[in-house]
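Below you'll find the structure, written out as structure tokens, and then a few comments.
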């Protein structure tokens, strides 16, 4: 279990760093780079989808708790769409950014709530960060700005804030893995004795 969490958080940090770079580009030249960025996002999603699918088949021990195949196939499908249908996606780019923010943070929210169940220390911080980031993703989707350029720039800023929050949370989770691992072992031993 500890290794699954560690791999997921390290991959999450890498994806967050790439999305922060994307957010910076969106703020600098919003209209000029949208098509290129959609293709780059497609490549990133293909890579993540391939890795998630591969990890699902490699990890035979914890397959019951592993949704990597479903997640991987979703990422692969969306990645292919981004690469080959990027012109159609330009008009809905900000909705895609909002959905990515929501998708990533629902996963983080789930992890935070799971950590609460096993007595993790920072579950509240993770829950708060995830909920705020989900709200920001919804704001991006609802488009209160009525200007494509402003909306794309705002999406970039929100993406940067959301992903910096995700990196901070991932670092907190990784720093607490030893403590969490011992609590999980205690829970398992207790359940076996009962």
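The values are calculated or read from the model by the stated rules, or taken from the named source; none is laboratory data. Computed from a predicted structure; not experimentally measured. Because the Cβ atoms are built from the backbone with ideal geometry, glycine has one as well, and the counts that use them run over all protein chains shown.
Can you pull out every residue in the stretch 27-55 that is modelled with pLDDT under 80 and farther than 18 Å from residue 96 by Cβ?
Selection gives nothing.
Quick check on my filter: what residues within the stretch 30-60 are outside any helix (DSSP H, G or I) and exposed (fewer than 15 other Cβ atoms within 10 Å of the Cβ)? Show your work before the answer.
Residues of the stretch 30-60 outside any helix (DSSP H, G or I): 30-33, 59-60.
Result: 31, 32, 60.
So is residue 111 crowded, with 19+ Cβ neighbours inside 10 Å and in a helix (DSSP H, G or I) or not? I'd like the intermediate steps shown before the answer.
Values: crowded, with 19+ Cβ neighbours inside 10 Å: yes; in a helix (DSSP H, G or I): yes.
Against the criterion (crowded, with 19+ Cβ neighbours inside 10 Å and in a helix (DSSP H, G or I)), residue 111 qualifies.
Select, from 99, 26, 17, the only residue that is within 28 Å of residue 177 (Cα to Cα), in contact (Cβ under 8 Å) with a residue 12 or more places away in the chain and assigned to a helix (DSSP H, G or I). So that I can check it myself, show each step before the final result.
On the way: 99 fails: within 28 Å of residue 177 (Cα to Cα); 26 fails: within 28 Å of residue 177 (Cα to Cα).
Checking each option against the conditions leaves just 17.
Considering only the stretch 12-26, I want to know if a residue exists there that is more than 16 Å from the chain's Cα centre (by Cα), at pLDDT 85 or above and surrounded by 16 or more Cβ atoms within 10 Å (Cβ to Cβ). Can you show your working first?
Of the residues in the stretch 12-26, the ones more than 16 Å from the chain's Cα centre (by Cα) are 24-26.
Applying the additional criterion that residues be at pLDDT 85 or above yields 24.
Next cut, surrounded by 16 or more Cβ atoms within 10 Å (Cβ to Cβ) only: none.
No: zero hits.
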